[in-house]
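Enquirer: This is the structure I want to talk about, given as structure tokens.
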Amino acid sequence: VVDTAKSPFVHLRPVPLGAVTISDPFWAPRRYTNASATLPSQFRHLEETDRLNNFRRAAGKLDAPFVGLYFNDSDVYKWLEAAAWTLAEGPNPELEGMSDTAIAEVADAQRPDGYLNTYFALDKA
């Protein structure tokens, strides 16, 4: 999201996220499904396909080989982005718990100098 609130050249101004409620019969059910089924299913998939384990491995919590393709970290980041946008709509304890788990694993895997790539951190260092 780009903040153009102070630009003299912009004719349309952004609306604060909290000022919008989507309650129409098309998008509202889909957003509910995303929060209640899709995101939890995708989180389970991150666990089942070892994407989160790659972060645990980079953090030194797990002694196992890297699993998947070298760019697998991006799946975790995109899931976190989707979860964050959904949580911005309101509380969801189940989704908050999953997000907290993913955030903790990412944070623990990050090096003190800021570097974070679960494939290159150990295998190609």
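Enquirer: Among the candidates Leu52, Leu95, Leu46, single out the residue that is more than 15 Å from Thr118 (Cβ to Cβ), open to solvent by less than 30 Å² (accessible area, probe 1.4 Å) and touching a residue at least 24 places away in the same chain (Cβ under 8 Å).
Expert: Leu95
Enquirer: So, in the stretch 98-125, of the ones that are touching a helix residue (DSSP H, G or I) at 6+ places or on another chain (Cβ under 6 Å) and of a type in the set (Gly, Ala, Ser), which residue ends up surrounded by the most Cβ atoms within 10 Å (Cβ to Cβ)?
Expert: Ala109
Enquirer: Let me ask you something else. Which one of Ala37, Ala83 is surrounded by fewer than 13 Cβ atoms within 10 Å (Cβ to Cβ), out of contact with any His (no Cβ under 7 Å at 6 or more places or on another chain) and within 25 Å of Gly18 (Cβ to Cβ)?
Expert: On inspection, the qualifying residue turns out to be Ala37.
Enquirer: Follow-up. Taking Thr21, is it among the β-branched types (Val, Ile, Thr), at pLDDT 95 or above and either surrounded by fewer than 16 Cβ atoms within 10 Å (Cβ to Cβ) or under 14 Å from the mean Cα position of the chain (by Cα) (or both)?
Expert: no
Enquirer: Could you pull out the residue among Thr38, Thr86 that is within 28 Å of Asn117 (Cα to Cα), β-branched (Val, Ile, Thr) and touching a Leu at 6+ places or on another chain (Cβ under 7 Å)?
Expert: Thr86
Enquirer: Still on this model: With modelled with pLDDT under 95, surrounded by fewer than 16 Cβ atoms within 10 Å (Cβ to Cβ) and aromatic (Phe, Trp, Tyr) as the only criterion, which of Tyr77, Tyr70 stands out?
Expert: Testing whether each residue is modelled with pLDDT under 95, surrounded by fewer than 16 Cβ atoms within 10 Å (Cβ to Cβ) and aromatic (Phe, Trp, Tyr) leaves just Tyr70.
Enquirer: In the stretch 15-63, which helices (runs of 4 or more DSSP H) lie fully inside it and hold 1 or more residues that are more than 15 Å from Trp79 (Cα to Cα) and not small (Gly, Ala, Ser)?
Expert: 27-33, 51-58
Enquirer: Hey, Gly68 hits all of (1) assigned to a helix (DSSP H, G or I); (2) on the phi > 0 side of the Ramachandran plot but one; which does it fall short on?
Expert: Going through the list (1) assigned to a helix (DSSP H, G or I); (2) on the phi > 0 side of the Ramachandran plot, Gly68 breaks only (1).
The values are calculated or read from the model by the stated rules, or taken from the named source; none is laboratory data. None of these values were measured; they are calculated from a predicted model. Positions of Cβ are generated from backbone atoms using ideal geometry, with glycine treated the same way; all protein chains shown enter the neighbour counts. Surface areas here come from the heavy atoms of the whole protein model, side chains and all, with no ligands, DNA or RNA. Shrake-Rupley method; radii C 1.70, N 1.55, O 1.52, S 1.80 Å.
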